[in-house]
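Worksheet: one structure, shown below.
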Amino acid sequence: MTGTPEPHVPGFTRQRVTVADGVALNVAVGGSGTPLVLLHGFPQTHLMWRHVAADLATEHTVICPDLRGYGASDKPADPDGTAYAKRTMAADVVALARALGHDRFALAGHDRGALVAIRAGLDHPDTITHLASLDVLPTLDMWDVMHGASAAVGFHLYLMAQPPGLPEAMIEATADAFFGHFLDQWAGTGDAIPADVRAHYLAACRAAVPSIVADYRASAHIDVTHDETDRRAGTRLRMPVTVLQQDWGTALGFDAAARWRAWADDLDHRTVACGHFMAEEAPELVAAALRDLLKR
């Protein structure tokens, strides 16, 4: 008797690719054509792109890695606070694409993956041809708009920003409840994440608490420093940019499109009606937006 097959991206093959000293990424690759890299968010793995990736693979070579620290990718220690800087994680993505034969590629990210994608666009403007961000603000803006009682929605950002020790212990003690909270609260529909995929996400997160916390901690420290440096230097995203966001601006009292225009000139900013997990809740909408982006 065989066990239940692990959920996967239909038609894609899996491999491990070394991207840095001692760090290999688990990656699913499918399709043919111009390259498109898709980066997952929290608390997920590359599997969140299963519908969108299979759709776009009819026209593109689609590359879906687990970010370092997540899923089946390596989870290096973080002794000096740089291992999960978005600059480091963006360099992983560029090295991954290059190892697969692509010196230039389009890049889309959701949630944490979007922060990596934004940093890749800022650091590697001659490599990233098009950029899409799903449901985040750039790091500096994220912290700027979180204030007062409305900031309670982002309690996890503050928890995981604390020094090493307490956040990891608290989350590990209630891992399924902690990560499951976000899968439940952030979904716009109850059926977008089926039971086997949910179980996959929870198991992956249980095995990655220290690295997930390190990823978030970096966004309260070194990532802020890098973004502040770029803001002072006037560094901007030079490629066409598409942003899909829930209406966080209305909820938290800010102009989301204006925040993005401060970083990108060639911007298509769209407010969507689905929940946070839009690639699973509304994959046709996301795939169509990415196709539009790639025509620009």
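Of the residues making up region 60-87, those that are within 14 Å of the chain's Cα centre (by Cα) and either closer than 15 Å to PRO163 by Cα or outside any loop (DSSP other than H, G, I, E, B) (or both) are ILE63, CYS64, PRO65, TYR84, LYS86, ARG87.
Each residue in region 188-201 was checked for being surrounded by fewer than 18 Cβ atoms within 10 Å (Cβ to Cβ) and of a type outside the set (D, E, K, R), and 6 pass. Considering region 235-263, the residues that are part of a helix (DSSP H, G or I) and of a type in the set (A, V, I, L, M, F, W, C) include one that is farthest from GLU280 (Cα to Cα), namely ALA258.
Within region 149-165, does at least one residue satisfy the condition of being more than 19 Å from HIS276 (Cα to Cα), surrounded by fewer than 18 Cβ atoms within 10 Å (Cβ to Cβ) and at pLDDT below 95? Within region 149-165, one or more residues are more than 19 Å from HIS276 (Cα to Cα), surrounded by fewer than 18 Cβ atoms within 10 Å (Cβ to Cβ) and at pLDDT below 95. Test of understanding: among ALA214, ALA169, which residue is free of Cβ contacts under 8 Å to residues at least 12 places away in the same chain, over 15 Å from HIS40 (Cβ atoms) and either in contact with a His (Cβ under 8 Å, 6 or more places away or on another chain) or not in a loop (DSSP other than H, G, I, E, B) (or both)? From the options ALA214, ALA169, the qualifying one is ALA169. When ALA204, ALA256, ALA251, ALA218 are screened for being surrounded by 14 or more Cβ atoms within 10 Å (Cβ to Cβ), touching a Ser or Thr at 6+ places or on another chain (Cβ under 9 Å) and at pLDDT below 95, only ALA256 passes. Could you list all residues from region 259-296 that are open to solvent by less than 30 Å² (accessible area, probe 1.4 Å) and closer than 21 Å to HIS60 by Cβ? Selection gives MET278, ALA279, GLU280, ALA282, PRO283, VAL286, ALA287, ALA289, LEU290, LEU293.
The values are calculated or read from the model by the stated rules, or taken from the named source; none is laboratory data. Remember, it's a predicted structure, so these values are computed and weren't measured experimentally. Backbone-built Cβ (ideal geometry, glycine too); neighbour counts: all protein chains shown. For accessibility, only protein heavy atoms count, side chains too; no ligands or nucleic acids. Shrake-Rupley method; radii C 1.70, N 1.55, O 1.52, S 1.80 Å.
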